[in-house]
Amino acid sequence: MRLTPPLLVALIVALGAGTFVLLRRSSSGGKEPPSADRVAQGPSGPPPEGMVWVPGGEFTMGTDDRDAWADEGPAHRVRVPGLWMDVTEVTNRQFEVFVTATGYLTTAERAPTAEELLAQMPPGTQPPAPEDLVPGALVFSPTDGPVPLDDIRSWWAWTPGASWRHPEGPDSDLEGRAEHPVVQVSWDDARAYARWAGKRLPTEAEWEHAARGGLDGQRYVWGARPLAPGFLPANVWQGEFPWKNTAEDGFERTAPVKTFPANGYGLHDMSGNVWEWCADWYDRELHDGRRGQGCSIDPQGPESSHDAERPFMPQRVQKGGSFLCHDSYCSRYRPSARHGCTPDSGMSHVGLRCVSSP
């Protein structure tokens, strides 16, 4: 949703209420991810540049963890085919090549219209003022101190001039961030990039299977061991959200791709760093609808978006969590976690990764 200042109240709905729920950490151990030499080989021939083969197979999608969000369960069996997947999230360098070649303007670089905004709002919503219809996007800003975690307006701000070139607003730039994941890209932008690259966005099932890296049913992409001081295998928030980030992992915002260890399939940052767009429409009750139906074969997602809590906002799936994830807030850096967001939304913690079928 293209938000302007008068419509920021709706952002609470767009991003999901109740994100103050505390997810308790597991203290159980777990097996290690499979080593790269045990990952199944792909089709004959060299891999596409920057991609790795993710073997197909059956896995447990979702979770029955009692502390997970309601839309993550129940756990159920799914089978997906093998595919090629980008080793990393798409970087600023890669996205710049695309923009230079095509002249593409992202959603955040184009002024929204009142009609676009009101189409996603309840009837009777007052139209935005003309002076608010300018290019821009939402930017995370830490608060000055502890705040209630049920009002995201405390740390998200509509920022005119924010875009992929200026992730935190017009005074920011990409200097030194060529290998960081591109952010402030909408689903529409992600799909445009994927098509230009001769690839596509992954389905939610493909993404979750790949993120698990062969560790079927484990809570995290690296196994069962929870994050702890000295054990930080992903770029997420440390400290007290949303005001104090100790940056023990070395990064207050995005990190260069490949900074953190790859999972069992050789994929980096399948947990944290930035949310990644998937091809599917978001259905809050999708997993519940598969209850008792046996193994789902290569599910492509629902035909349309469904979310009773946000009935006026069609949404696409995001997976993986971001550098803002923290156990006191959302803990959505787990592979089963899922999130819906309107396809024309760009934010400072949202990016993409592509796949290709053989």
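Extending 7 Å from Cα along the Cβ direction at Leu232 and again at Asp67 yields two label points whose distance is 2.0 nm. Separation of the stretch 147-205 and the stretch 260-293, taken as the distance between their Cα centroids, equals 18 angstrom.
Tell me the per residue accessible area of the stretch 55-132 using a 1.4 Å probe; a whole number in Å² is fine. Please report the intermediate quantities before stating the final value.
Values: 3550 Å² over 78 residues.
Per-residue accessible area for the stretch 55-132 comes out at 46 Å².
Subtract the Cα-Cα distance of Ser141 and Ala101 from 0.36 nm times their separation in residues, and report this length gain in nm to one decimal.
Values: separation 40, 0.36 × 40 = 14.40 nm, distance 3.26 nm.
Extending this stretch completely gives an extra 11.1 nm.
Between Arg79 and Val134, the simple spin-label model (points 7 angstrom out along Cα→Cβ) gives 5.6 nm.
Of the solvent-accessible surface of the chain, computed with a 1.4 Å probe over protein heavy atoms with every protein chain present, carbon and sulfur atoms account for 53 percent.
Considering only protein heavy atoms, what per residue accessible area in square angstrom results for the stretch 244-358 with a 1.4 angstrom probe? Write down the numbers at each step before the final one.
Values: 3870 Å² over 115 residues.
Averaged over the residues of the stretch 244-358, the accessible area is 34 Å².
The computed Cα extents along the principal axes in Å for the structure shown corresponds, within [x] 57, 45, 42; [y] 101, 39, 36; [z] 50, 50, 38, to [x].
Net length available on complete extension from Trp243 to Ser328 is 29.4 nm, with 0.36 nm assigned per residue and the Cα-Cα distance removed.
Adding -39500 (n - 2.57) for every DSSP H run of four residues or longer, then dividing by how many residues the chain holds, sets the calculated 222 nm ellipticity at -3500 deg cm²/dmol.
Applying the Karplus relation 6.51 cos²θ - 1.76 cosθ + 1.60 with θ = phi - 60° to the stretch 238-247 yields 3J(HN,Hα) values of 10, x, 10, 7, x, 10, 10, 9, 6, 6 Hz, where x marks Gly and Pro. Multiplying the sequence separation of Ser304 and Ala111 by 0.36 nm and subtracting their Cα-Cα distance, what value in nm do you get? Difference between extended and current length: 66.9 nm. Annotation: aspartates and glutamates with alpha-carbon distance below 16 angstrom to Lys258 (same-chain offsets under eight excluded): Glu49, Asp86, Glu89, Glu179, Asp249, Asp269, Glu276.
The values are calculated or read from the model by the stated rules, or taken from the named source; none is laboratory data. These numbers come from a predicted model, not from an experiment. Counting neighbours? That spans all protein chains shown, and the Cβs are built from the backbone with ideal geometry, glycine included. Just so you know, the surface numbers come from the protein's heavy atoms only, side chains and all, with ligands and any DNA or RNA stripped out. Shrake-Rupley method; radii C 1.70, N 1.55, O 1.52, S 1.80 Å.
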